[in-house]
Amino acid sequence: MADYVLAIDEGTTGVRCLVLDRKGGVRGKAYMEFKQIFPRPGWVEHDPREIWRVTLKVMGVALKAAKAKAAEVAAVGITNQRETTVVWDKKTGDPVHNAIVWQCRRTAPMCDELKKVKGLTRKVGDKTGLVIDAYFSATKIKWILDNVQSARRRARAGELCFGTIDSWLVYKLTGGKSHLTDFSNASRTMIFNLEKLDWDDELLHTLDIPRDMLPEPRRSAGDFGRTDCEVLGRGVPIAGIAGDQQAALFGQGCFEPGMTKNTYGTGCFCLIFTGNKLMRSKSGLVTTIACGPDGGPGYALEGSIFIAGAAVQWLRDELKIIATAKETEALARSVKDNAGVYLVPAFVGLGAPYWDQDARGALLGLTRGAGRAHLARAALEAIAYQTRDMVEAMKKDLSSARSRFKVGELRVDGGACANDFLMQFQADVLGLTVDRPAMVETTALGAAYLAGLAIGMWPDAQAVAKLRVTDARFKPKMKPDHREALYQGWKKAVARVLTH
């Protein structure tokens, strides 16, 4: 058997590629950004053609860095920004419109109509586990069909394909032979029935989305076709696919019910694996399909924060009070506390557990003595407070379901988890141990592990779990009364920006 797995991690701002060996070691890697397109305020797009070009390039660079040949690649795994929507011509492969990104808010009025006029909130929640929000794919598909000339006619004629970015890459990698997705990505569209593990005909009819344009959903570890010979010089099995957060959950070794991870990126995404139990949230979380130990479908509760690391980018790019994100750690430590300053980074609304798409950001508690260090600290603390919001919602859902498991510790990954101040504050504000792995690119690792499991490179999930190495464990040091006082200050700040 060939020695390597090639993992493609197609994120929101760029594409990363890792070449992993049998021991889970990274033998080569590459990363390249692509353009962010903002046609109007609140609208976000990507060029699918550019994503494809960048993907091809980083694959080649990563293989070269690993000094690996295509013949040595046993399988390809894919993980991707979820919800981002591409519609393309089935024969030519040409996109009919730019990809509409998960961050895009253009369909917020459409979502309001589905909730307030058509009264679909409960029906969508019961069927899909999701809330009605512009975040998810369904209304993005409808927008393209409604606004791109001839798109709806062509979709009804079976001429168009829809896919999240994983489907787009599979289509391109296989030379147009495969139009597939996995259950985890399908569960993020708002048109997928969690219990039936299939597209929901009633929701498709309501949104006027032809079923023929949808990809076939499959388990995350399995057969997604082979790469076209022109891509790698030979047909290599595409054997693993998962949405980025489910891939990170798998890459963190969270296979047992109650195991929880949080990814710190542009946003924050906190998931607790609930095993085979489909748990309905009553506390503002969503239910999503995750990857079970064998790569088959399991379930998770998820909380999504729209702005996390992006708040630090705001300090750098708009306020220009820092030159690099790394500066925030020393700045935060340079003051003894937040001096009552709270940043609520609701720049594109608030996600879980509030789901207020009309909320906007606010900086509260300013005095004459507040300076750039307090703002930097407030931005980092906001990430931790928002994570606590999600963990509190998880605890409520587990309690109401009389679950036998609970949140024990938080496994962390993503770029911002390198910030020791943030990780210690996170442990303090949660009152839980925070475990950071040596390899924080767990999203790509999850895709690689799923592909490796499918082809037998690793025999089972236990073998995969042993590959994870802890870098640091942060234990809570803050006194409970101080922790609660800080958190109540955060809750009061959030209340100032909520619109409902």
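Return the whole-Å distance between the Cα centroid of the range 70-119 and the Cα centroid of the range 10-56.
Distance between centres, Cα-based: 15 Å.
What is the fewest-to-most order of ASP397, ASP317 by other Cβ atoms lying within 10 Å of their Cβ? Write down the numbers at each step before the final one.
Working: ASP397 22, ASP317 10.
So the ranking, lowest neighbour count to highest, is ASP317, ASP397.
When DSSP assigns beta bridges and you keep just the ones with both residues in the chain, what percent turn out antiparallel, to the nearest 5? Walk me through the numbers on the way to the answer.
Values: 52 of 75 bridges.
Around 70 percent of the beta bridges assigned by DSSP in the chain are antiparallel ones.
What list of ³J(HN,Hα) values in whole Hz, one per residue of the range 439-447 in order, does the Karplus curve 6.51 cos²θ - 1.76 cosθ + 1.60 (θ = phi - 60°) give from phi, with Gly and Pro shown as x?
Per residue, the Karplus-derived 3J(HN,Hα) values read 9, 8, 7, 6, 5, 5, 4, x, 4 Hz.
Find the centroid of the Cα atoms in the range 178-205 and in the range 400-471, then give the distance between the two in whole Å.
27 Å
Counting only helical runs of four or more DSSP H residues, what would the 222 nm mean residue ellipticity of the chain come to if each run contributes -39,500 (n - 2.57) and the total is spread over all its residues? Numbers along the way, then the final one.
Working: 17 runs with 168 residues, N = 500.
Taking each H run of at least 4 residues, the total per residue is -10000 deg cm²/dmol.
Take the eigenvalues of the Cα gyration tensor for the chain, scale each by 5, and report the square roots as semi-axes in whole Å, largest first.
34, 27, 22
Relative contact order (percent) for the range 4-243, with alpha-carbon contacts under 8 angstrom and 6 or more residues of separation? Write down the numbers at each step before the final one.
Details: 501 pairs, mean separation 46.6, N = 240.
The normalised contact order for the range 4-243 reaches 19 percent.
About its Cα centre, how strong a charge dipole does the range 346-500 have in debye, to the nearest 20, once Lys and Arg get +1 and Asp and Glu get -1 at the Cβ? Kindly include the intermediate steps, with their values, before the conclusion.
Working: 22 positive and 16 negative charges, 101 e Å.
Approximately 480 debye in magnitude.
Structure shown: which of LYS395/LYS491; LYS326/LYS492; LYS196/LYS395; LYS320/LYS492; LYS23/LYS57 lie over 19 Å apart, alpha-carbon to alpha-carbon? Could the numbers behind the result be given before it?
On the way: LYS395/LYS491 17 Å; LYS326/LYS492 29 Å; LYS196/LYS395 27 Å; LYS320/LYS492 27 Å; LYS23/LYS57 25 Å.
From LYS395/LYS491; LYS326/LYS492; LYS196/LYS395; LYS320/LYS492; LYS23/LYS57, over 19 Å: LYS326/LYS492; LYS196/LYS395; LYS320/LYS492; LYS23/LYS57.
Which aspartates and glutamates have a Cα less than 15 Å from the Cα of LYS67, not counting those fewer than 8 places away in the same chain?
Partners within reach: ASP3, ASP21.
Packing-wise, with mean Cβ within 10 Å as the measure, how do 198-211, 62-75 rank, highest first?
Details: 198-211: 16.1, 62-75: 18.4.
With the highest mean Cβ count within 10 Å placed first, the list reads 62-75, 198-211.
Read the figures in this text as sums done on the coordinates, not as results from a lab. Given the structure is predicted, the values throughout are model-derived calculations rather than measurements. All Cβ positions, glycine included, derive from the backbone under ideal geometry; neighbour counts span all protein chains shown.
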